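Q: Mind having a look at this structure? Questions to follow.
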Amino acid sequence: MPQTPHTAHARLLDEVGSVDQVGVEERVAKFATRSIKKASKVWGLRTAVSMTDLTTLEGKDTPGKIESLCRKALRPHDDPDIPTVAAVCVYPSMVRHAKAHVGGSGVKVASVATAFPSGQTHYRTRLSEVRGAVADGADEVDMVINRGAFLSGEYSRVQDEIAGVVEACGPAALKVILEVSELETFDNIRMASFLAMGVLRPGDFIKTSTGKTALNATLANNQVMIEAIRDFFLDTGIAIGMKPAGGIKTAKQALQFLIAVKETLGDAWLTRRRYRFGASSLLNDLLRQIEKEKTGAYQAPYYFSDAAESY
Amino acid sequence: MSPPSPGRIPVTKTPKVYVGGAFVRSESARTFKVSDATGAFFANIPQCTRKDLRNAVEAAAKAGPGWARRSPYNRAQILYRLAEMLEARSGELVTSLVRFGAREADAARGMAVGVDRLIHYAGWADKYEQLLGSVNPVASAHFNFTVTEPMGVVGVIAPDSPPLLGLLSMLAPVIASGNTVVALASEKVPYPAILLGEMLATSDLPGGVVNILTGFRRELVPTFATHAHLRAVYAAAGADERKALRLGAAASVKRVRFADWSGKEWFSDSAQGLGPIRDFVELKTTWHPIGS
Amino acid sequence: MPSARKTSSGPRSGLIFGDLWEFDPAPETADPKLKARYDLFIGGRFVRPRSGRTFDSINPANEAKLAEIALAGPADVDAAYRSAADAFKAWAALPGRERGKYLYRIARLLQDRAREFAVAETLDGGKPIRESRDFDVPMAAAHFFYHAGWADKLEYVAPGRIARPLGVVGQVIPWNFPLLMLAWKLAPALAMGNCVVLKPAETTSITALKFAEILQDAELPAGVVNFVTGAGETGAAVMGHPSAAKVAFTGSTEVGKAIMRQLAGTDRKMTMELGGKAANIVFDDAPIDQAVEGIVNGIFFNQGHVCCAGSRLLVHEPVAGQVISKLRNRIRVLRVGDPLDKNTDLGAINSREQLGRIRRLVASGVREGALMYQPPCRLPERGYYFPPTLFTRVTQSHRIAREEIFGPVLSILTFRTVDEAIEKANNTPYGLSAGVWTDKGSRILRMSTELKAGVVWANTFNKFDPSSPFGGYRESGFGREGGRQGLLDYAHLA
């Protein structure tokens, strides 16, 4: 059969299987009814802190803002028992500033690249952006897939481009952003997850979204992607990581995502090596809840540095 | 019709029962003698046994899926065609009813009502679904609808009075929805039902959809009650028979309904309608998620 | 590209569902406000049983006594019927919109006390608090709310006919959804203008008697609803009472048949909602993970104490290995234990007797050569518990494929063609429900047409709604509950 876009779609869907939207939503609703208390809550909150890719992706970012972000990443709160975050996530031009602050600390520098967030530029430009970020010291690269190619059924092109970025990353880990809101359906999200994983290396990630569109990470699209990761792992033995990004603002949400991980992928993914939260305001809410568990008192937002809500 | 030639011996008919689209004797080879209203010998009628009932149920079960799959429009047309044929041959049926004691006027009116009743149910065949089924506004993200389905093989036990209108009134709503029927004709006046069988055979109704047995109620009612493959029984029955039917039905959770009209009530419009159709359909509710 | 789907070789390396992040206990702490002793509810008051007898209600999670329940004898049942008959004329004559207001009130009062009722339901029956809180109690309230709105619209129920109440209705309900089954039975009966004598199940009477308090708070006229508690003999008295205009029973097929025999000599109207052995059919093009979730929900919801449970899994051979391995992984994260813990997925088996039945049938499965899988799980030392259980290598003739187990036990069979699936699914005297999982729309409709079952869940399972008629084909009973169709079963059509 000639590989037309239509047959490519049919083959890929047949290969990875379809997803029922309502069923996924029912499944994840159960995660939200889990009740996490006491020590298990603190464990979950601290783990979430350690998984955070503390992110700033704004046109107005400055080296000064990056410095502040890095200090927060290294020492999220004055309680020394609180772990560092996993990474700081910045634009390519900020990589060297970030590296200067967190280099050698264990906190990674992640750079978005490939004409983030739209990806709408020449492939060779995207690749050179990746190489530049890595050369500047990025430990991790967050790329966006070619959604236009995906939606028109050019799956080989999507996958080949990801493979090219993998190569351009060299030693840096890659996170492949599917931009779920533009893929729209869970079928597409599952298909795109498999396309990406097919050319990723162990330790690379797939990621929900850029945070720059209306719909970002939800328990449901997270579930579709971690089920894809699970199936891929059971089939190939290759463990791919997962990064929901955007929209996770509260500690309660973060715990629900972690419950989904625990019950879908199991203990081996309850680590920042395999699971990350792409977030900015989430961190302070995690810290507030940790303090609340410790002291028994609800905390005011301005007790925490870099808080957006200072009212 | 020309008068019979003088001295000619008329050819008598051997009445047979109509099962699976064929005319058969009882497997037991038993018959019972039926006399007309004057007391003169009329014919030997098959005295069907429980094995005949079993065979008829097999025939009805075999015909069931095909009949149920017919479009309601097609079932309506077949019932209407049957009415056309009965109208054309009503003289023969009226004559047979009169011969067994009906007053001519009553018999003629009964036939007219019977034909009209068939047309009534022919019209229902493609309409009851919209009244009995529904789309249900559930609170979750599901499309949910209820449709009817035929129950399967239904036993019909006809009244003695009126023997033919009673039988027609009970058959029609049951087959209109796609059930198939094993009927027991009036024990006292079985012959019009045999004639009806002959007319069914030349109608468009597929063989096995309606099977008409003759015989003794006391012999056959217990088997109607207990035969597990009969999913429902529709009976014009007295108190003792009702109890027997219900007792036997319990073993297979069979649906039991009674035709409660008596005498003149059978002629009334109140002896027809949506009710008897509803009594012999199952309701099936299907859920499906609404997503993308 | 590596394929997720077309592999039959097992996993190269497994997933670890360990205790890295173990959840602390999260017990629901609301006060269920139980009384030490519950009397009968007759004529709007709690009355001592004339029988002078009582029995204990046990918490199946720890075998502790919860309360003492009055045992209604024949004289008590008689008194309940008299009180209902006395109330009937005025209740039936009340304009529908006023009757409806009582039902609305009841729905609201139940919502007000939802948490307390959820705890009571879980204590008495053993079901997880998550289910009683999120399903049983809100759904019970929804049934009253839905039917309340029918009370003044009865002229639209049956086209061309006038729907009238039947009189006093006798109702006997089971122990698997005590409050919800009460709501299913009461709400349509009352909306239509009937009065009721209802017997809850012996092991789960408490929420009915708490519900009586709501009826008092709602100022429902005395005698419109009466509760008589007890075991089988009391139930037989309720079903057999000569002044019942109709009886409605939900329970086992065996008892349903006995009631049908008991009432054979009468012209009593009946609704029977009996047992089931539902097939849940998974095709190779199904959304597999959601199917697995539906299978789990189908058989482990309420510990499998569900008449419409998807207890027979029919799985298409090309995906059998995949489905079974996903199922095994999925049930490893089911949490079995204290029903009051908010994280418990499988609570306690309702009674010692039921636990015995499950054990016997499971033993028969093992004896007949089926392959059993139970995930590692620690069951509490006291109380009645049974782990989630899968059986593979099951054939149509195994007892575990034919008999209703009414427990968390799934029998897995395979099929190759659509026709084979239909044939196997329908090869049972039951016909309550069925499930079908496939991405192909026309196949769903064909399966839905061919499956002999009153409820077909396509790409979902165990969904319920007050507007959705529920009830069986064949030996799963007759009559429907829910929707306009269910309401009709409580009407006399003039």
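The values are calculated or read from the model by the stated rules, or taken from the named source; none is laboratory data. Since the model is a prediction, treat every value here as computed from it, not as a measurement. Please note: Cβ atoms are built from the backbone with ideal geometry, for glycine as well, and neighbour counts cover all protein chains shown. Please note that ligands, DNA and RNA were not included when accessible areas were found on the heavy atoms of the full protein model with its side chains. Shrake-Rupley method; radii C 1.70, N 1.55, O 1.52, S 1.80 Å.
Q: Looking only at residues that are hydrophobic (A, V, I, L, M, F, W, C) and more than 9 Å from every other protein chain (Cβ to nearest Cβ) in the stretch A:249-260, which one is nearest to A:A239 (Cα to Cα)?
A: Residues of the stretch A:249-260 hydrophobic (A, V, I, L, M, F, W, C): A:251, A:254-255, A:257-260.
Then keep just the ones that are more than 9 Å from every other protein chain (Cβ to nearest Cβ); that gives A:251, A:254-255, A:257, A:260.
Working: A:A251: 26, A:A254: 22, A:L255: 22, A:F257: 18, A:A260: 17 Å.
Taking the candidates together, the pick is A:A260.
Q: Let me ask you something else. Pairs please, first residue from the stretch A:147-162 and among the basic types (K, R), second anywhere and open to solvent by 20 Å² or more (accessible area, probe 1.4 Å) and part of a helix (DSSP H, G or I), Cβ atoms under 8 Å, 6+ apart in sequence or on different chains.
A: A:R147/A:E182
Q: State yes or no: is A:E293 open to solvent by 30 Å² or more (accessible area, probe 1.4 Å), within 14 Å of chain C (Cβ to nearest Cβ), charged (D, E, K, R) and more than 17 Å from the chain's Cα centre (by Cα)?
A: Details: open to solvent by 30 Å² or more (accessible area, probe 1.4 Å): yes; within 14 Å of chain C (Cβ to nearest Cβ): yes; charged (D, E, K, R): yes; more than 17 Å from the chain's Cα centre (by Cα): yes.
When the stated conditions are applied, A:E293 passes them.
Q: Another question, then. Inspect all residues belonging to the stretch C:448-457 and state whether any of them is open to solvent by 10 Å² or more (accessible area, probe 1.4 Å), outside the structural domain of C:D134 (by TED's automatic domain parsing), touching a Gly at 6+ places or on another chain (Cβ under 9 Å) and within 15 Å of B:V147 (Cβ to Cβ).
A: Yes, that holds for at least one residue.
Q: So which residues in the stretch B:1-19 are open to solvent by less than 40 Å² (accessible area, probe 1.4 Å) and more than 19 Å from B:T223 (Cα to Cα), if there are any at all? Please lay out each step first, then the result.
A: Filtering the stretch B:1-19 down to residues open to solvent by less than 40 Å² (accessible area, probe 1.4 Å) leaves B:15, B:17-19.
B:P15 - this is the single residue of the stretch B:1-19 that is open to solvent by less than 40 Å² (accessible area, probe 1.4 Å) and more than 19 Å from B:T223 (Cα to Cα).
Q: Can you tell me how many residues within the stretch A:1-27 are more than 8 Å from chain C (Cβ to nearest Cβ), modelled with pLDDT of 95 or more and within 21 Å of A:F150 (Cβ to Cβ)?
A: 1
Q: Looking at C:R82, C:R161 in this structure, which one is part of a helix (DSSP H, G or I), among the basic types (K, R) and surrounded by fewer than 24 Cβ atoms within 10 Å (Cβ to Cβ)? Can you show your working first?
A: Working: C:R161 fails: part of a helix (DSSP H, G or I).
After applying the criteria, what remains is C:R82.
Q: Would the stretch C:141-151 turn up any residue that is assigned to a loop (DSSP other than H, G, I, E, B) and more than 14 Å from every other protein chain (Cβ to nearest Cβ)? So that I can check it myself, show each step before the final result.
A: The initial filter retains those residues of the stretch C:141-151 that are assigned to a loop (DSSP other than H, G, I, E, B), namely C:149-151.
Filter once more, keeping what is more than 14 Å from every other protein chain (Cβ to nearest Cβ): C:151.
Among the residues of the stretch C:141-151, at least one is assigned to a loop (DSSP other than H, G, I, E, B) and more than 14 Å from every other protein chain (Cβ to nearest Cβ), which makes the answer yes.
Q: For the stretch B:133-150, enumerate the residues that are more than 8 Å from every other protein chain (Cβ to nearest Cβ), closer than 27 Å to B:P173 by Cα and open to solvent by 20 Å² or more (accessible area, probe 1.4 Å).
A: Here is the first cut: in the stretch B:133-150, the residues more than 8 Å from every other protein chain (Cβ to nearest Cβ) are B:133, B:135, B:143, B:145, B:147-148, B:150.
Pick out the ones that are also closer than 27 Å to B:P173 by Cα and you get B:133, B:135, B:145, B:147-148, B:150.
Residues satisfying the conditions are B:V135, B:F145, B:V147, B:P150.
Q: Sticking with this one: Within the stretch C:101-133, can you find the residues that are over 22 Å from C:V336 (Cβ atoms) and among the basic types (K, R)?
A: C:K101, C:R105, C:R108, C:R113, C:R115
Q: For the stretch A:232-256, enumerate the residues that are touching a residue at least 60 places away in the same chain (Cβ under 8 Å) and under 22 Å from B:G291 (Cβ atoms).
A: A:Q256
Q: Follow-up. Only helices (runs of 4 or more DSSP H) wholly contained in the stretch A:142-215 count here; list those with 2 or more residues that are crowded, with 20+ Cβ neighbours inside 10 Å and of a type in the set (A, V, I, L, M, F, W, C).
A: On the way: elements: A:147-151, A:155-169, A:180-183, A:186-197.
Filter on the stretch A:142-215 gives A:155-169, A:180-183, A:186-197.
Q: Out of the residues in the stretch A:232-248 that are more than 9 Å from chain C (Cβ to nearest Cβ) and on the phi > 0 side of the Ramachandran plot, state the one that is least open to solvent (accessible area, probe 1.4 Å).
A: A:G246
Q: Would the stretch B:196-204 turn up any residue that is β-branched (V, I, T), out of contact with any Gly (no Cβ under 6 Å at 6 or more places or on another chain) and farther than 30 Å from B:P137 by Cα? Give the steps one after another, and end with the answer.
A: Kept after step one, since they are β-branched (V, I, T), are these residues of the stretch B:196-204: B:202.
From the residues that got through so far, the ones that are out of contact with any Gly (no Cβ under 6 Å at 6 or more places or on another chain) too are B:202.
Subsequent filtering for residues that are farther than 30 Å from B:P137 by Cα retains B:202.
Yes: one or more hits.
Q: Consider C:K342 carefully, then state whether it is modelled with pLDDT of 95 or more, more than 14 Å from chain A (Cβ to nearest Cβ) and closer than 24 Å to C:T203 by Cβ.
A: Numbers: modelled with pLDDT of 95 or more: yes; more than 14 Å from chain A (Cβ to nearest Cβ): no; closer than 24 Å to C:T203 by Cβ: yes.
Criteria not met by C:K342.
Q: Would you mind stating whether A:P92 is in contact (Cβ under 8 Å) with a residue 12 or more places away in the chain and more than 25 Å from A:E179 (Cα to Cα)? Outline the logic, then answer.
A: Numbers: in contact (Cβ under 8 Å) with a residue 12 or more places away in the chain: yes; more than 25 Å from A:E179 (Cα to Cα): no.
When the stated conditions are applied, A:P92 does not pass them.
Q: Going through A:K30, A:K60, A:K38 one at a time, which residue ends up being within 14 Å of another protein chain (Cβ to nearest Cβ), over 30 Å from C:N462 (Cα atoms) and surrounded by fewer than 24 Cβ atoms within 10 Å (Cβ to Cβ)?
A: Working: A:K30 fails: over 30 Å from C:N462 (Cα atoms); A:K60 fails: within 14 Å of another protein chain (Cβ to nearest Cβ).
Unique residue meeting the criteria: A:K38.
Q: Condition first: of a type in the set (S, T, N, Q), within 12 Å of chain B (Cβ to nearest Cβ) and buried (at least 22 other Cβ atoms within 10 Å of the Cβ). Now tell me which residues in the stretch C:238-281 satisfy that.
A: Within the stretch C:238-281, the subset of a type in the set (S, T, N, Q) is C:243, C:250, C:252-253, C:262, C:266, C:271, C:280.
Restricting the remaining residues to those that are within 12 Å of chain B (Cβ to nearest Cβ) gives C:252-253, C:262, C:266, C:271.
Across the stretch C:238-281, the qualifying residues are C:T253, C:T271.
Q: Going by what's in this entry, would C:T122 be described as surrounded by fewer than 19 Cβ atoms within 10 Å (Cβ to Cβ), touching a residue at least 12 places away in the same chain (Cβ under 8 Å) and among the β-branched types (V, I, T)? Let's see the steps before the verdict.
A: Working: surrounded by fewer than 19 Cβ atoms within 10 Å (Cβ to Cβ): no; touching a residue at least 12 places away in the same chain (Cβ under 8 Å): yes; among the β-branched types (V, I, T): yes.
In short, no.
Q: Given the criteria in contact with an Asp or Glu (Cβ under 9 Å, 6 or more places away or on another chain), away from chain C (no Cβ under 14 Å), under 23 Å from B:A193 (Cβ atoms) and hydroxyl-bearing (S, T, Y), does B:T214 qualify? Step through it out loud before you land on a result.
A: Details: in contact with an Asp or Glu (Cβ under 9 Å, 6 or more places away or on another chain): yes; away from chain C (no Cβ under 14 Å): yes; under 23 Å from B:A193 (Cβ atoms): yes; hydroxyl-bearing (S, T, Y): yes.
Yes.
Results for (1) away from every other protein chain (no Cβ under 14 Å); (2) part of a loop (DSSP other than H, G, I, E, B); (3) open to solvent by 50 Å² or more (accessible area, probe 1.4 Å); (4) at pLDDT 95 or above, shown as yes or no for each residue.
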| position | (1), (2), (3), (4) |
| --- | --- |
| C:R5 | no, yes, no, no |
| C:F23 | no, yes, no, yes |
| C:A30 | no, yes, no, yes |
| C:D78 | yes, no, yes, yes |
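Q: Tell me whether the stretch A:119-139 contains one or more residues that are open to solvent by 30 Å² or more (accessible area, probe 1.4 Å), of a type in the set (S, T, N, Q) and more than 30 Å from A:L13 (Cα to Cα).
A: yes
Q: Please count how many residues of the stretch C:395-431 are touching a strand residue (DSSP E or B) at 6+ places or on another chain (Cβ under 7 Å) and closer than 12 Å to C:S311 by Cα.
A: Number of matching residues: 9.
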